[in-house]
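Scroll down for the structure; my scribbles are underneath it.
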């Protein structure tokens, strides 16, 4: 058992080191020597776990996705079970969880932002960019459906979450969008644009767009949307 624990811990340190390198300098900076040094291990140790650069980056992206999905669980449960008096608060909390409002999430945003690099856009890693988009849109649809239902027992919001794997997220998103309700899709697109815009500003201009201002923007947008979708709220 100790050997297995050490094996897993070493792999985790290498993955986390790769995440830090990408968050700081992008995917182009991910090399065996750089990541091994960041993790405090030898290049040979890194190659043992990850024989190719792409396998290391894939592992880092999977780890980021899993962490984000785990954090969302509590917000999703609270939103799905919110009554009419709390559904707006729960929707705001869910959307805020998707935004880079702390250093962990800022690093995750920088990692996913690096997926727009030309070298990644033409590789197999491009699927992760699509998965990130699909995952965010999935949560936006959830919020719109829940607000439309007024939050009563959360029945309208309950949509199964895909596991945190790129292919599974894409497959689930395609099923959800196969015959979309135009109103849901349009409102979800608006929320998605808000998240992307606020997120980019929080990462790129932290001195100009504060956490407090971002939360206030989310609150206004969700409140306005709830009034349109459920006037009785």
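The values are calculated or read from the model by the stated rules, or taken from the named source; none is laboratory data. For clarity, every value in this text was computed on a predicted model and none was experimentally measured. Cβ sites come from the backbone with ideal geometry, for glycine too, and all protein chains shown count toward neighbours.
Being within 15 Å of residue 139 (Cα to Cα), modelled with pLDDT of 90 or more, in a helix (DSSP H, G or I) and over 16 Å from the mean Cα position of the chain (by Cα) narrows it down to one of 93, 78, so name that one.
That would be 78, the only listed residue that is within 15 Å of residue 139 (Cα to Cα), modelled with pLDDT of 90 or more, in a helix (DSSP H, G or I) and over 16 Å from the mean Cα position of the chain (by Cα).
Might you let me know whether region 23-43 holds any residue that is within 30 Å of residue 92 (Cβ to Cβ) and modelled with pLDDT of 90 or more?
Yes, some residue in region 23-43 is within 30 Å of residue 92 (Cβ to Cβ) and modelled with pLDDT of 90 or more.
Could you tell me whether residue 155 is surrounded by fewer than 22 Cβ atoms within 10 Å (Cβ to Cβ), modelled with pLDDT under 65, assigned to a helix (DSSP H, G or I) and outside the structural domain of residue 24 (by TED's automatic domain parsing)?
yes
Exactly one of (1) outside the structural domain of residue 210 (by TED's automatic domain parsing); (2) in a helix (DSSP H, G or I); (3) more than 25 Å from residue 203 (Cβ to Cβ) is unmet by residue 34. Its number?
Here residue 34 clears every test but (3).
From the list 227, 175, 187, pick out the single residue that is crowded, with 16+ Cβ neighbours inside 10 Å and modelled with pLDDT under 95.
Unique residue meeting the criteria: 187.
Quick check on residue 68: is it outside the structural domain of residue 200 (by TED's automatic domain parsing), closer than 23 Å to residue 200 by Cα and part of a helix (DSSP H, G or I)?
No.
With respect to residue 199, is the statement that it is more than 22 Å from residue 54 (Cα to Cα), buried (at least 19 other Cβ atoms within 10 Å of the Cβ) and modelled with pLDDT under 85 true?
no
Pull up region 74-84, narrow it to residues that are surrounded by fewer than 18 Cβ atoms within 10 Å (Cβ to Cβ) and either touching a residue at least 12 places away in the same chain (Cβ under 8 Å) or in contact with a helix residue (DSSP H, G or I) (Cβ under 6 Å, 6 or more places away or on another chain) (or both), then point me to the one that is farthest from residue 12 (Cα to Cα).
The extreme case among them is 84.
Given the structure, is residue 214 at pLDDT 95 or above, surrounded by 13 or more Cβ atoms within 10 Å (Cβ to Cβ) and closer than 26 Å to residue 85 by Cα?
Here the answer is yes, as residue 214 does meet what is asked.
Out of curiosity, is residue 58 within 22 Å of residue 116 (Cβ to Cβ), surrounded by 13 or more Cβ atoms within 10 Å (Cβ to Cβ) and either at pLDDT 90 or above or not assigned by TED's automatic domain parsing to the domain that holds residue 106 (or both)?
yes
Test each condition in (1) touching a residue at least 12 places away in the same chain (Cβ under 8 Å); (2) outside the structural domain of residue 191 (by TED's automatic domain parsing) for residue 44 and report the one that comes out false.
With (1) touching a residue at least 12 places away in the same chain (Cβ under 8 Å); (2) outside the structural domain of residue 191 (by TED's automatic domain parsing) applied to residue 44, the lone miss is (1).
Check 11, 86 and return the single one that is assigned by TED's automatic domain parsing to the domain that holds residue 125 and more than 22 Å from residue 119 (Cβ to Cβ).
86
So, in region 1-31, how many residues would count as being over 26 Å from residue 105 (Cα atoms) and not in a loop (DSSP other than H, G, I, E, B)?
So the count comes out to 6.
Read through the list (1) at pLDDT below 75; (2) part of a helix (DSSP H, G or I); (3) under 25 Å from residue 83 (Cβ atoms); (4) within 19 Å of the chain's Cα centre (by Cα), then give the number of the only condition that residue 168 fails.
For residue 168, the exception is condition (3).
For region 47-56, give me each residue that is out of contact with any helix residue (DSSP H, G or I) (no Cβ under 6 Å at 6 or more places or on another chain) and in contact (Cβ under 8 Å) with a residue 24 or more places away in the chain.
54
When residues of region 23-41 are filtered for being crowded, with 17+ Cβ neighbours inside 10 Å and touching a residue at least 40 places away in the same chain (Cβ under 8 Å), how many remain?
3
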